[in-house]
Structure formats: structure tokens, C-alpha cells
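Student: Take a look at the following structure, please.
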Amino acid sequence: MDSVALMDRHDTKYVLNRHDFELMLPELSSEYRVLDVNGNRISKYVSQYFDSSSFEFYRLHQTGKKNRVKIRIRRYVESNINFLEIKLKNNKGRTIKHRMPVGELRRELTSYDNAFIREYTQVGFELKHALMNSFSRITLVHKTKPERLTFDLELAFKNSADDNLAIPNLVIAELKQEKFDRSSLFPARMKLNLLRPETISKYCLGLALLESKVKKNEIKQKIKKLSTLTSQDLISKLMPA
């Protein structure tokens, strides 16, 4: 894992349902190894996201802004560690992450946290608790290439008012590479199944479904697609803006 940290990388995301994922997963064993943490091959993650009171990070993502920021505290449950993480997406399609260890998962940032955030971003507004999500992740590492492949399943969300929603049949796959390599097994496998890369954010998805104060126009079509994919009526869950 240290050799494929890929803190500066190209990400490619796909969405699929749980049934198709379970059929496809064994086919990847020829080229990938699976991460095992203390005997667990499925790891639990809990993320606390921060945004402005007007949800500026969400707005920039939904309006197609090329340079974007997400800020979260993430708990890696099996490893019993927490990191404050800054995830930057630049106008060249690169994802760059900065992180530092913190003592706990919490809804408020400290002055030390804010100093770390200012070091790497131009954020000039107060950051507040916006959304919490949890999911289980399977991580695969390519046997020969600097490449990781993650599958996030059992997604669940909770907003600042403690409204919650689970999407158990959705799987989000993310291919992390130094640069996009179409010859890799996984994108070839997705193309064979007529599955194209998707621009999807777990943060934006959860916020759109649970938060009444954000606009939904740009993400509504994607949620319709996810409703069909997962056989779950997500459209009716959209909180009116």
C-alpha cells in the first residue's frame, strides 16, 4: 500500500449495482491483490464532511468548477486511526490529497485543523459540519502496476439534522492511477459491460438527497439513473430545495 499511496493521481469512477459487482469481482483476481487489515478484507470508513453554511463546495462541484475542494475527517475503523483530509481536484483532472492525523471523528474543527487547511487551500469562509457518511470498502492493488482499485458499498448518509438514508445496492468503483491507462484490466472490463466512467461524489449525492438548502437541478438526472441501477426510489427522497 505504501508503494501505491497515489496522493497525486488520476481517478476514474464507475457505478454498478451489488449483484453485478459480486459477479465481476472474482474475475479481477488474476491481476489484483486484496488489502487485508487485521484479517478484514472489507474495511469500514466513516467520514465527516465540512462546508460553508451555504454549501459552497457542493455548489462548485455541481456547477462544473474544475478546481474543487472537499474537506473531511475520515475514520478508518479497522485501523483505529483518523485523518483530517483535504481533497483537491485541479483543472487537469488530477486529484491531490493532503492529510494529517487527528485524535477523533468530530463535528467541529480546531484552530490547528484550520491552520492545516489554510496551508493548502484558499478557503476564506468558516467551515461547518455538513454531512456524515459511512461505507464499507474493498481495496485491490495491482500486482505489477502503480494502481489501486476501490469498491465502496453499503453507503449510508446522515445530515446535520440527523436525517439519514442508506443505499445498500449501490457500489461506487474508483480506479486510482498515476495516469489513466486504458489497457488496465478493470476499465477494459467495464467497457465490455457497456459501463462508462461517471462523475459522482458521495458527498454531493448524500447532500442532495438529505439537505433542503441545496439546488438539485444538476444532480437530479444522475439520481434518476442511480434509482434505476439500484432498484431503489431515490427521486422521492430528494429534499425540495
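Student: Using a 1.4 Å probe, what is the accessible area per residue for the stretch 10-153, in Å²? It would help to have the intermediate numbers written out before the result.
Tutor: Details: 7030 Å² over 144 residues.
For the stretch 10-153, the solvent-accessible area averages 49 Å² per residue.
Student: Related question: For Cα pairs less than 8 Å apart in space and 6+ apart in sequence, what is the mean separation divided by the residue count of the stretch 198-241, i.e. the relative contact order in percent? Let's see the in-between values first.
Tutor: Working: 35 pairs, mean separation 19.1, N = 44.
Averaging sequence separation for qualifying contacts and normalising by length gives 44 percent for the stretch 198-241.
Student: Right, another one. Which value, in debye to the nearest 20, gives the size of the charge dipole of the chain about its Cα centre, when Lys and Arg are +1 and Asp and Glu are -1 at the Cβ? Let's see the in-between values first.
Tutor: Details: 44 positive and 29 negative charges, 158 e Å.
For this selection, approximately 760 debye.
Student: Could you work out what % of the accessible surface of the chain is carbon and sulfur, using a 1.4 angstrom probe and leaving DNA, RNA and ligands out of the count? Please list the in-between numbers first.
Tutor: Details: 6040 of 12300 Å².
Carbon plus sulfur share of accessible area: 49 percent.
Student: Pairs of Cα atoms under 8 Å, at least six residues apart: use those to get the relative contact order of the chain, whole percent. Before the final figure, lay out each step's value.
Tutor: Working: 464 pairs, mean separation 61.1, N = 241.
It rounds to 25 percent for the chain.
Student: Classify the stretch 67-124 from the C-alpha gyration tensor, please: rounded if a/c falls under 1.5, else prolate or oblate depending on whether a/b exceeds b/c.
Tutor: oblate
Student: What aspartates and glutamates sit close enough to residue 92 to cross-link, taking a C-alpha to C-alpha distance under 12 Å and skipping anything fewer than 8 places away on the same chain?
Tutor: Output for residue 92: 8, 11.
Student: So, one more: Just to verify a number: what accessible area does residue 228 come out at with the full protein assembly present, 1.4 Å probe, Å² rounded to tens?
Tutor: Surface open to solvent at residue 228 totals about 110 Å².
Student: Over the Cα atoms of the chain, what Rg and Dmax result, in angstrom?
Tutor: 17.5, 49
Student: Using only the Cα atoms of the stretch 151-241, construct the convex hull and provide its projected area averaged over every direction, in square nanometres to one decimal.
Tutor: Details: hull surface 27.1 nm².
That works out to 6.8 nm², a quarter of the Cα hull's surface.
Student: Another question about this same structure. Suppose a student asked you for the relative contact order of the stretch 136-241, using Cα pairs under 8 Å spaced at least 6 residues apart; what percent would you report?
Tutor: Numbers: 124 pairs, mean separation 21.9, N = 106.
Answer for the stretch 136-241 is 21 percent.
Student: Calculate for the chain the 222 nm mean residue ellipticity that helices alone would give, adding -39,500 (n - 2.57) per DSSP H run of length 4 or more and normalising by residue count, nearest 500 deg cm²/dmol. Working shown, then result.
Tutor: Details: 6 runs with 55 residues, N = 241.
My calculation for the chain gives -6500 deg cm²/dmol from helical runs alone.
Student: So which of 191/213; 143/237; 158/179; 128/224 end up more than 32 Å apart by C-alpha? Show your work: numbers first, answer last.
Tutor: Working: 191/213 37 Å; 143/237 41 Å; 158/179 34 Å; 128/224 29 Å.
Distance filter (> 32 Å) returns 191/213; 143/237; 158/179.
The values are calculated or read from the model by the stated rules, or taken from the named source; none is laboratory data. Because the structure is predicted, anything quoted here is derived from the model rather than measured. Virtual Cβ from ideal backbone geometry, glycine too; neighbours counted across all protein chains shown. Note: accessible area is taken over every heavy atom of the protein model, side chains too, but ligands, DNA and RNA are not part of it. Shrake-Rupley method; radii C 1.70, N 1.55, O 1.52, S 1.80 Å.
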